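Trainee: Please read through the structure below; I'll follow up with questions.
The values are calculated or read from the model by the stated rules, or taken from the named source; none is laboratory data. What you see is a predicted model; the values in this text were computed from it and never measured. Please note: Cβ atoms are built from the backbone with ideal geometry, for glycine as well, and neighbour counts cover all protein chains shown.
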Amino acid sequence: MRKINVLNQARKVNLNKKFAVILVQPENPENIGLVARNMKNTGFEELRLVHVPGINRRSHRTAVHARDILERAHFYPNTAEATQELELVFAATSRRRKNFPAISLKEAVIEMFRFPQPTKIGLLFGNERTGLTSKDLHSSNFRFMIPQAVRQPSYNLASAVLLTLFFIYTYGDRNKIEITHEKPLSRKEQEECFCLILNKLEKSKFIHKTNKRHMTEMIFDLFGRFALTSRDRKLLLALFSKAIKK
């Protein structure tokens, strides 16, 4: 029994260092408490809240023994600030989007464990009714969908978080996934690189008023999935600078 406890504690520490759960503008305070409870059950502790004025009594009531997670929660005015010092962000979506293709939850979890342990990963979940906006998705590297038997209705927010965390908790423990990727730049540095590329393309008139939104989303999706390292950034900016000069 002692050995099992030690293993569970080690896994808990790793999850705490690697992952942050981010809720964007949740409508129901009860869901915030339920998410905290689900995090406690699966060994996650870092909760970030976007467009949330504070924690109220209804959240504390559903959190039960996870009120400490609510008390340590961090608050942000927008998704970009909530993710800027993270290196990877995986966003949950319940619908397919033209410029932001999604992978399965299983594929997402495998990808998470292909990065070295110090890599800080955000798990992004949107509003119960409207989900994540395109602007929110700009702050993500990958989008994933949770399988379900029917297209509608989608999972409740707390249920979606629980399914995601439980899969990470159990899959990472059962499977030894080879680390194949390097630690990426922070999301802030990645997005600054994307904006420089967009600026160069706009100056060259490749991007113009009628295609700007479409091209912006495609650039953020494509290069986001690269999970840029500093070496990648240097190469990309050199290539775009050289190509546009010609």
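Trainee: For GLU189, all conditions in the list (1) within 22 Å of PHE44 (Cα to Cα); (2) surrounded by fewer than 18 Cβ atoms within 10 Å (Cβ to Cβ) hold save one; what is the number of the exception?
Mentor: (1)
Trainee: Residues that are in a helix (DSSP H, G or I), surrounded by 12 or more Cβ atoms within 10 Å (Cβ to Cβ) and either touching a Ser or Thr at 6+ places or on another chain (Cβ under 6 Å) or not polar (S, T, N, Q) (or both): does segment 225-232 have at least one?
Mentor: yes
Trainee: For segment 198-207, indicate whether the set of residues that are in contact (Cβ under 8 Å) with a residue 40 or more places away in the chain, closer than 19 Å to SER134 by Cα, in a helix (DSSP H, G or I) and outside the structural domain of GLU81 (by TED's automatic domain parsing) is non-empty.
Mentor: Within segment 198-207, not a single residue is in contact (Cβ under 8 Å) with a residue 40 or more places away in the chain, closer than 19 Å to SER134 by Cα, in a helix (DSSP H, G or I) and outside the structural domain of GLU81 (by TED's automatic domain parsing).
Trainee: Taking ILE219 as the residue in question, decide whether it is of a type in the set (A, V, I, L, M), without any contact (Cβ under 8 Å) to a residue 12 or more places away in the chain, crowded, with 17+ Cβ neighbours inside 10 Å and in contact with a helix residue (DSSP H, G or I) (Cβ under 9 Å, 6 or more places away or on another chain).
Mentor: no
Trainee: Moving on. Please state which one of ALA160, ALA149 is over 22 Å from the mean Cα position of the chain (by Cα) and in the same structural domain as HIS51 (by TED's automatic domain parsing).
Mentor: Sole residue among the options that is over 22 Å from the mean Cα position of the chain (by Cα) and in the same structural domain as HIS51 (by TED's automatic domain parsing): ALA149.
Trainee: Sticking with this one: Filter segment 156-176 down to the residues that are part of a loop (DSSP other than H, G, I, E, B) and over 14 Å from LEU23 (Cβ atoms), then identify the one that is modelled with the highest pLDDT.
Mentor: Only one residue tops the list, namely LYS176.
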